[in-house]
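Report on the following structure.
FYI, it's all coordinate maths here, none of it is from the lab. The structure presented is a predicted model; accordingly, all values stated were derived computationally and were not measured. Every residue, glycine as well, gets a Cβ built from its backbone with ideal geometry; the counts of neighbours run over all protein chains shown.
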Amino acid sequence: MVTYRSPREWEVMREAGRVVGLTLDAVREAAEPGMRPRDLDEVAARIMREHGAKSSFLGYHPSWAPMPYPATICVSVNDVVVHGIPGAPVLREGDLVSVDCGAEVGGYHGDAAVSFVVGTADAAALRLVDATREALDRAIAAAVPGGRMGDVSAAVEGTARAAGYGILEGCGGHGIGTEMHEDPPVPNVGRPGRGMRLREGLTIAIEPMFHEGGDGDARVLADGWSIATADGSRAAHFEHTVAITADGPVVMTLP
Ligand code: MF3
Ligand code: CO
């Protein structure tokens, strides 16, 4: 069931989203070679605590997962696309890191992700990161009342195809509000003019994930959470929580 939110609810979601934006900025700032993803998780936990927010991820236990999610944020390195559990092996020069963060304030959630390279980046990594960010920007621009979900999905898919990147077909965005994951799904593949009609009040998380290889299966790592590319190629992930309003898309997850 799809729920449409009021401007009053957008305001609370904006608060949650603001903490998400601040947290991602702080984590990105802290990330450098020699740091452990686990240390970044601590940075995130501190920022959320300071702002009275709760991690949407910590303790989250969907039916497919073998255990509740054990950390504040996800830190996915190189071939890990999403849901990387922040661990102890240190980040190395040139690692491509995706950080995903969800926060709850006043009963509403914000969810966003960024990718970046720690230390000196190779050109291929930068190209992948730029294309994935561009896909998110284009998809957000398509999130307008009267449009279709397929317009959003096609913006993501088209950007990947044009740049020659693979997409994991089963992974995508979602409605978000009083739950982190709500209807409707926001697929990363689709056709313009198809899918559900977009209406004012719909609040969705749009999250393109591209990888350097072609399309192909993902594999779940031994921790039961981390989703990696089957071919070992590197992936990038960007996400924002967006409200569809009469004035156009409003990004909720900026600091
Ligand atoms: N942002 C992720 C998503 O939208 C949430 C990660 S799942 C968690 O699917 F367990 F880490 F919370
Ligand atoms: Co999400």
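The figures follow:
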{"read-out": "Full-stretch length increase - residue 121, residue 6 - with 0.36 nm per residue and alpha-carbon distance subtracted", "value": "37.2 nm"}
{"read-out": "FRET efficiency, residue 221 to residue 246 (Cβ-Cβ, R0 51 Å, nearest 0.05)", "value": "0.70"}
{"read-out": "Computed label-point distance, nm, for sites residue 65 and residue 46 using a 7 Å Cα→Cβ extension", "value": "2.5 nm"}
{"read-out": "Virtual spin-label span in nm between residue 29 and residue 231, 7 Å along Cα→Cβ", "value": "3.8 nm"}
{"read-out": "Relative contact order (%) - the chain, alpha-carbon pairs under 8 angstrom, separation at least six", "value": "24 percent"}
{"read-out": "Linear extension gain, residue 141 paired with residue 92, 0.36 nm per residue minus alpha-carbon span", "value": "14.1 nm"}
{"read-out": "Of 214, 152, 170, farthest towards positive along the dipole that unit charges on Lys, Arg, Asp, Glu beta carbons give segment 111-241", "value": "152"}
{"read-out": "Alpha-carbon Rg with Dmax, taken over segment 88-225, Å", "value": "15.8, 47"}
{"read-out": "Dipole magnitude (debye, nearest 20) for segment 7-251, charges at Cβ of Lys, Arg, Asp, Glu", "value": "320 debye"}
